[in-house]
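Reading through the structure tokens given below for one structure.
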Amino acid sequence: MRPHTRWMAVASGWGVLLFAAGVTRAVAQESHIGSVTGHAPAGRPLYERYCAGCHGDDGDARGENAQWIDPRPRDFTMAVFKCRSTPTGTLPTDEDLFNAMTRGFVTTNMPPWVALTPQGRADMVAYIKTFSPKWKTGKPGTPITIPPEPAPSIESIRHGRELFQKMECWKCHGPTGHGDGPSAATLTDNKDLPIHPYDFSSGSRFMCGVTNRDLYKIFMTGLDGTPMPSFADDIKPAEAWDLVHFLRTLQPLDTPEAAIWKAWLASHARELKPIGPEGGGGGR
Amino acid sequence: MVRGFLRGAGSVQGSWLVSGVVTCTCLVVAMAVSGGRSRAYTAYSLAVHKTEAIPAFARKYGLRCSACHTVWPELNAFGQRFKDNGYQLGNDRDSPMWQSPAYWPIAMRTTPQWHLESTTHQITDAAPAGKTLRQTGFDLSGVDFLLLGTLHKNITFGLVPTLDADGTTGLEAAFVRFDNLGQSPWANLKVGKFELDNLLSEKRFTWLSNNGGFLYAYHFLPSGSANNFGFGDNQIGAEFSGHSFNSYTRYSVALLTTDDGEPGLPGGKSMDAMFTLSQAFALGGGLGPQRVGVFGYLGHRPTTFETVSGTAIPGTGTDNKSFYRIGATAQLWLGNLELLPLVSHAQDDAALGPGPDKPTWNNALLEAHYVATPRFMVQGRYELTRMSTQGDPATPKSLGDADAIALGFRYYPFMISRDGMALHGEFAMTRTTGMAPLSGDGSGVDPADPATKVWSRSLLLAFDFAF
């Protein structure tokens with residue numbers, strides 16, 4: 001082989017390798033939300049502008065504000081996310097991350113970034129995915145199927161109350177949903193940091209959205225990285241809806257469920273058994 | 001026109017320019033040597049500030065300045081939504097009840113500076129025909145005490161006392177705002193003294209020099225006018241405003257007393273009215289959405305007062321005469337380049353002076369920012385004002401015409417969520433025909449010849465900080 005031919009072969013080989021590496025990296029550094037494609041390079045300056053103060057320049061939750069924030073910001077290097085449409089233990093979809101960024105997290109320092117353009121948010125999602133190798137080696141889980149919601153009824157709410165007792169939700173969230181159950185003070189997240197259970201009585205929204213479907217998803221996917229497990233293997237979809245309807249009665253909001261519950265309580269309050277260690281839940 | 005404008009700049013003697021550049025360089029070096037933090041600002045304060053950036057919010061919410069500001073104090077889309085929500089993130093933790101009792105919603109801002117002013121054709125006792133006056137040296141801005149936050153969820157307050165360089169105090173803003181009435185972002189009510197809902201905000205813009213630190217579009221009045229209105233002045237009244245969930249659609253209507261923000265009801269008994277409407281579009285890949293907006297102001301000023309011993313009694317003004325301002329503006333993004341055009345049309349009643357006709361004028365400006373990073377930006381602005389009808393037909397049509405150009409940069413040595421500092425450099429130049437510049441530089445006296453073109457220039461290097 002002539003010297004220049006050998007040189008060209010070597011150069012071509014390197015070219016192919018570099019091209020392949022570039023393509024792989026480019027794929028890993030994109031996000032796809034509907035018709036919008038996010039690009040990590042474009043997301044980087046936006047991340048530094050909006051996110052790095054808490055989540056850190058390296059996505060490791062070591063921004064200069066992290067020490068003052070409760071709960072602590074998400075550590076993107078672990079690729080563990082609370083709000084997903086995918087089963088527990090799996091990566092979220094790009095849309096899950098996009099929605100979380102858009103919505104923010106109620107009762108935390110994470111604001112809704114809805115004022116940023118969809119392209120900007122998609123770019124930041126793509127950049128966030130560069131912090132963990134899991135995004136290169138794994139794929140997001142398949143979003144769970146959410147059956148249509150049945151109309152709320154007193155039977156559904158009462159059954160949900162029974163489940164709240166039976167599944168021991170009260171141990172963390174408290175008998176009245178104030179987040180003051182007997183286990184509340186002992187809870188820690190996946191970084192061994194103290195974490196508080198959700199207080200239904202003070203929040204106007206849920207951690208992962210505002211709709212009943214959002215609450216349903218929390219039961220069935222769990223909040224990964226927190227003590228809130230997935231109940232997908234423990235309760236049936238219809239039961240999850242019952243639980244949703246009951247939890248709606250704990251919020252300080254004028255919901256249809258709360259109206260049904262108040263009307264029923266007006267004449268049946270004495271039938272209720274208390275929720276807790278000795279409780280029966282449903283009042284039957 | 002621009003060429004002539006720049007040619008005028010070249011006529012300035014080079015000595016002050018050279019000394020200015022040398023001084024700027026020394027300050028930059030001093031700052032770099034000190035590790036990016038000026039040690040020179042501790043004992044200074046003074047002359048009232050014009051713009052706002054509020055580190056108290058950054059401390060409350062743990063967000064960097066860059067979260068709310070393109071470069072502070074200019075708001076970005078997120079900051080605009082935060083402001084529209086009554087300085088609330090909407091995380092159910094906005095009420096002060098959720099803050100540490102030690103939290104105190106106050107920030108202070110001031111700007112130690114070196115600046116040079118030069119104005120031509122200034123009448124003095126020794127030179128009644130006019131001469132060029134130059135003023136230069138180290139100086140101080142005022143101090144703004146920025147107290148803004150929430151009294152309760154969906155009840156916002158603002159209080160901005162100011163301290164001028166000569167010890168004069170003032171009250172730049174004082175208001176209470178009821179947010180999200182009926183749980184709707186479309187209904188918010190603000191009462192007190194506040195900045196008008198100007199899309200191109202003069203309170204949050206990035207210009208500080210005598211000639212660059214204001215817009216002719218917001219303050220120009222014809223020669224001999226008895227009007228005192230300025231769009232850029234905070235006004236006293238009530239504003240009803242609303243916005244979509246992401247603040248892409250915004251509107252406001254306001255009823256305001258006819259005093260140009262002066263407390264104590266010195267003016268008449270009529271009311272001014274203001275409206276704004278803007279819409280943003282998520283187009284392109286720039287730093288923010290593209291926004292276009294329109295605004296209008298219908299005002300009145302009294303021409304007759306009750307008097308005692310010939311002195312007007314405040315608040316008794318009648319025989320009101322009207323004026324109006326209308327315009328359109330935009331905020332456009334091309335990547336990191338931000339363009340802020342504005343056009344406006346203005347007219348005063350003839351009774352507001354100076355002659356039998358209604359003075360009418362137009363204004364146009366284009367401001368551009370290149371935001372290289374959240375810590376560095378360069379900027380430029382060109383603005384022109386043209387009289388279309390003089391109140392006094394005997395005066396030359398060009399009397400009052402103005403051109404203004406400004407160039408500058410802002411560099412932020414650090415970007416954290418507790419405070420902020422910027423190294424600010426700016427050169428601004430205006431050319432006014434037959435009138436002293438609005439900056440008031442020089443003797444502030446109009447030239448004797450109404451056709452005389454007065455050049456006024458500012459060079460400024462400053463350490464602009466807020467804590």
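Values in this text are rule-based calculations from the coordinates and carry no lab data. This is a predicted model, so every value here is computed, not measured. Don't worry about glycine lacking a Cβ; one is built from the backbone with ideal geometry, like all the others, and counts go over all protein chains shown.
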What's log10 of I(q)/I(0) for the range A:26-137 at q = 0.10, 0.13, 0.17, 0.24 Å⁻¹, Debye sum over Cα points only, no solvent? -0.25, -0.43, -0.76, -1.63
Note: probe point = Cα of B:Leu334 + 7 Å toward Cβ; backbone nitrogen < 18 Å; residues of the range A:30-47 passing the test are none
Please give the net charge around B:Lys153, taking every other residue with its beta carbon less than 13 angstrom from that of B:Lys153, where Lys and Arg add +1 and Asp and Glu add -1. -1
How big is the dipole moment of the protein assembly as shown about its Cα centre under a simple scheme where the beta carbon of each Lys and Arg is +1, that of each Asp and Glu is -1, and everything else is neutral? Debye, nearest 20, please. 1940 debye
Pick out, in residue order, every one of the chymotrypsin sites (Phe, Trp or Tyr not before Pro) in the range B:189-261 that is DSSP loop and has at most 11 other C-beta atoms within 10 Å; say none if there are none. none
So if R0 is 35 Å, what FRET efficiency would A:Arg270 and A:Asp60 give, r being the distance between their Cβ atoms, rounded to the nearest 0.05? 0.05
What list of ³J(HN,Hα) couplings, whole Hz, do you get for the range B:227-240 from phi and the Karplus terms 6.51, -1.76, 1.60, once you set θ to phi - 60° and write x for glycine and proline? 6, 10, 6, x, 4, x, 8, 5, 10, 9, x, 10, 10, 10
Test of the criteria: in the range B:116-187, which chymotrypsin sites (Phe, Trp or Tyr not before Pro) are in a DSSP loop and have at most 10 other Cβ atoms within 10 angstrom of their Cβ? none
From the helices alone, meaning DSSP H stretches of at least four residues, give me the mean residue ellipticity at 222 nm for chain B, per-run term -39500 (n - 2.57), in deg cm²/dmol to the nearest 500. -3000 deg cm²/dmol
As an exercise, use a Förster radius of 51 Å and the Cβ-Cβ distance of B:Thr169 and A:Thr211 to find the FRET efficiency, rounded to the nearest 0.05. 0.50
Amide proton proximity set for B:Thr249, modelled H, under 5 Å, gap of 5+: B:Ser244, B:Ala280
Its Cα gyration tensor gives the range B:2-466 an equivalent ellipsoid whose semi-axes in whole Å, largest first, are 34, 30, 21
Could you work out how much longer the chain between B:Leu189 and B:Ser244 gets when fully extended? Use 0.36 nm per residue separation minus the Cα distance between them, nm to one decimal. 18.3 nm
Between the modelled labels at A:Asp70 and B:Ile155 (7 Å from Cα along Cα→Cβ) the distance in nm is 2.6 nm
Starting from the Cα coordinates of the protein assembly as shown, work out the convex hull volume and express it per residue in Å³. 225 Å³
Amide H proximity to A:Val80 below 5 Å, modelled H, separation 5+ or other chain, gives none
Listing A:Arg84, B:Arg93 by rising number of other beta-carbon atoms within 10 angstrom, fewest first, gives B:Arg93, A:Arg84
What FRET efficiency would be calculated for the residue pair A:Ile146, A:Thr186, taking the C-beta separation as r and a Förster radius of 35 Å, to the nearest 0.05? 0.65
Determine ³J(HN,Hα), in whole Hz, for all residues of the range A:100-109 in sequence, where each value follows from phi through the Karplus function 6.51 cos²θ - 1.76 cosθ + 1.60 and θ = phi - 60°; x replaces Gly and Pro. 5, 5, 5, 7, x, 10, 4, 6, 10, 7
Candidate span helices, chain B: DSSP H, at least 27 Å along axis from Cα coords, Kyte-Doolittle average at least 1.6, result B:14-33
Express in nm, to one decimal, how much length is gained between B:Thr311 and B:Gln279 on full extension, taking 0.36 nm for each residue of separation and deducting their alpha carbon distance. 6.8 nm
